[in-house]
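The following block contains the structure, expressed as structure tokens.
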Amino acid sequence: MADFRIERDSMGEKQIPNAVYYGIQTLRAVENFPISGLKPLPTYVDACLLIKKATAIANGELGCISEDLSRAIVQAADEILAGSLRDQFVVDVYQAGAGTSHHMNVNEVLANRALEILGDEKGNYSRVSPNDHVNYGQSTNDVIPTAIRIGGLLALERTLYPALKGAIAALQAKAGEYQDVVKSGRTHLQDAVPVRMGDTFGAWAQILADHLARLQFAEKDLTVLGLGGSAAGTGMNTHPRYRFRAAEILSTLIDKPLTSAPHLMAAMQSMAPFVAVSGAIRNLAQDLVKISHDLRLMDSGPKTGFKEIQLPPVQPGSSIMPGKYNPVMAEMISQVCFQVMGYDAAIALAAQAGQLELNVMMPMIAYSLIQSIEILGNAIAALTDKGLKGIVVNGDRCRQYAEGSLALVTALNPHIGYLNAAAVAKESLETGKSLRQIVLEKGLMSEADLANVLNLEQMSAMTPAQTEG
């Protein structure tokens, strides 16, 4: 038995190793695009397989392909979704425009596995064709933008949303644990009025909760599908009910309320849904960088920095300095966020680069969007488990900074006036005397009144939220 088979396409014929499930068009793409070594993300492959499963069911129900072919294609898709043949998706991320190479890779693998299921040999495309059967009524031009939508939805649900919710819960727990710890506030990296450590954590939790809501809003754009538009958005070579039935089946498969786009041509041309989701992810990344920098500042030291908190030491921090531990999880998430911002810029450039009926830059958009979601979700989860949950606050250090802050003079303004308060602050800085001592020496306030005004717990308490009556 030969160890290869002969496959033919419109350009000629090639020898294909018998062991592989992809075919001649995939092999041409592998030869044409030895670019990055990056292969399609598993979530993106899942999205394509789910689309092929849904379309095979719909086309089988509508009589567009035979029931036995429909069942074989569905079984092949289910097997691969369960983990088999994952090494058969081999086309580089940077490939032919629109994603035709990856799309045909999926079609060929499904066709060849369906042939085996039907008791036939790989490559007998007269029985199961990658183009005529697996791809019936479809085009790269409507399948790939749909796959980006489905892949984005899967990545959000599997990775980013759980990670964000976990980080929010961890920060809320720290807010409760350290609500009574007073620390010095800082604005412009200079002393400011006192705040509560619990409120610092609570503010971060609220920031992330707001970003979660923004992402969930942006996600809605991904639920409107252009599947059924075929080559140019006109629906050529599709059954009239196909687009709606395929959307219904996909909705069931991923448990999301998907609908067919009101204008299939618009859904094919515009990359706006991906730009919107990517922008929401970039927005989240920007605030995560700020939080990670705050964590690093607050953990700086241990002798020459703030050291208001201790992040969990998870690995030695230096190859030469013994006993050194660095805030590595916070450092890691900043790097991931910078990468996400770069992906967002690339998506924005690609989104405006479409012409006429199609944007051919979709392969890069697909990789960049799903990769952004997944690496950011993984990074947040790691930061939460190995960082946020284990934070220990140095209450004594926080109190010391709060009590020594010149910004406490702000509380004296209503009682001794701004100019007197400024003079007290200046003298304290020059002499090293405490604010309390100078105010009493100058007779500006009584000791009892001063004790009440410089009450750190009272000064640092947030004003309760008010509702309009």
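For LYS389, go through the aspartates and glutamates and keep the ones whose alpha-carbon is under 14 Å away, minus same-chain ones fewer than eight residues off.
Cα-Cα hits under 14 Å: GLU177.
In sequence order, what are the phi-derived ³J(HN,Hα) couplings for the stretch 374-384 according to the Karplus relation 6.51 cos²θ - 1.76 cosθ + 1.60 with θ = phi - 60°, rounded to whole Hz, with x for glycine and proline?
Once θ is set to phi - 60°, the couplings for the stretch 374-384 become 6, 5, 5, x, 4, 5, 5, 4, 5, 4, 5 Hz.
Sorted by average packing, counted as other Cβ atoms within 10 angstrom per residue and highest first, what order do 354-365, 441-452, 278-289 take? Don't jump to the answer; show the numbers that get you there.
Numbers: 354-365: 18.7, 441-452: 12.6, 278-289: 20.6.
Packing order, densest peptide first, comes out as 278-289, 354-365, 441-452.
Let me ask something else about it. Using packing as a proxy for protection, rank 298-309, 138-149 so that the peptide with the highest average count of other Cβ atoms within 10 Å comes first.
Values: 298-309: 16.2, 138-149: 26.8.
The packing order, highest mean first, is 138-149, 298-309.
Round to the nearest 10 and give me the degree value, 0 to 90, for the angle of helix 242-254's Cα axis relative to the longest principal axis of the chain.
Helix 242-254 sits roughly 50 degrees off the main axis of the chain.
Could you sort 9-21, 173-185 so that the peptide with the highest average Cβ count within 10 Å comes first and the rest follow in order? Kindly include the intermediate steps, with their values, before the conclusion.
On the way: 9-21: 13.5, 173-185: 18.8.
Final packing ranking: 173-185, 9-21.
Once a ≥ b ≥ c are taken as the square roots of the eigenvalues of the Cα gyration tensor of the stretch 325-428, is the result rounded (a/c under 1.5), prolate (a/b larger than b/c) or oblate (a/b not larger than b/c)? Walk me through the numbers on the way to the answer.
Numbers: a/c = 5.35, a/b = 2.14, b/c = 2.51.
Oblate is the answer for the stretch 325-428, as a/c is 1.5 or above yet b/c matches or exceeds a/b.
Roughly to the nearest percent, how much of the accessible area of the chain is carbon and sulfur, given a 1.4 Å probe? Spell out each step's value before the answer.
On the way: 11540 of 21530 Å².
After summing per-atom areas, the C and S share lands at 54 percent.
Spelling out what I want: for every residue of the stretch 96-110, take phi, set θ = phi - 60°, compute 6.51 cos²θ - 1.76 cosθ + 1.60 (Karplus), and round to whole Hz; glycine and proline get x.
4, x, 6, x, 4, 5, 5, 4, 5, 4, 5, 4, 5, 4, 5
With every protein chain left in place, what is the accessible area per residue of the stretch 95-162 in square angstrom, probe 1.4 Å?
Here the residues of the stretch 95-162 average 26 Å² of exposed surface.
Another question, then. What whole number of Å gives the distance from the Cα centroid of the stretch 215-237 to the Cα centroid of the stretch 392-462?
62 Å
In degrees, nearest 10, range 0 to 90: what is the angle between the Cα axis of helix 140-155 and the longest Cα principal axis of the chain?
Taking Cα atoms only, the helix is inclined about 40 degrees.
Rounded to whole Hz and in sequence order, give me ³J(HN,Hα) for the stretch 402-414 from the Karplus expression 6.51 cos²θ - 1.76 cosθ + 1.60, θ = phi - 60°, writing x for Gly and Pro.
5, 6, x, 6, 5, 5, 4, 4, 4, 5, 7, 3, x
Solvent-accessible area of HIS415, probe 1.4 Å, all protein chains present, reported in Å² to the nearest ten, please.
Accessible area, nearest 10 Å²: 100 Å².
With every protein chain present, what accessible area does PHE217 have (1.4 Å probe, heavy atoms only), rounded to the nearest 10 Å²?
150 Å²
Follow-up question, since we're still on this one. Enter the angle in degrees (range 0 to 90, nearest 10) between the Cα long axis of helix 197-219 and the first principal axis of the Cα atoms of the chain, meaning the one along which they spread out most.
20 degrees
Still on this structure: I need the shape label for the stretch 1-160. Rule: rounded when a/c is under 1.5, else prolate if a/b > b/c, else oblate, with a, b, c from the alpha carbon gyration tensor. Numbers along the way, then the final one.
Numbers: a/c = 1.57, a/b = 1.08, b/c = 1.45.
Oblate is the answer for the stretch 1-160, as a/c is 1.5 or above yet b/c matches or exceeds a/b.
Among the lysines, select those whose C-alpha is under 20 Å from the C-alpha of LYS433, and discard any that sit fewer than 8 residues away in the same chain.
Result set, ordered by chain and number: LYS442.
The values are calculated or read from the model by the stated rules, or taken from the named source; none is laboratory data. Nothing here was measured: the structure is a model prediction, and the numbers come from that model. Heads up, the Cβs are rebuilt from the backbone with ideal geometry, glycines too, and the neighbour counts pull from every protein chain shown. Areas reflect the complete protein model, heavy atoms only, side chains present, ligands, DNA and RNA absent. Shrake-Rupley method; radii C 1.70, N 1.55, O 1.52, S 1.80 Å.
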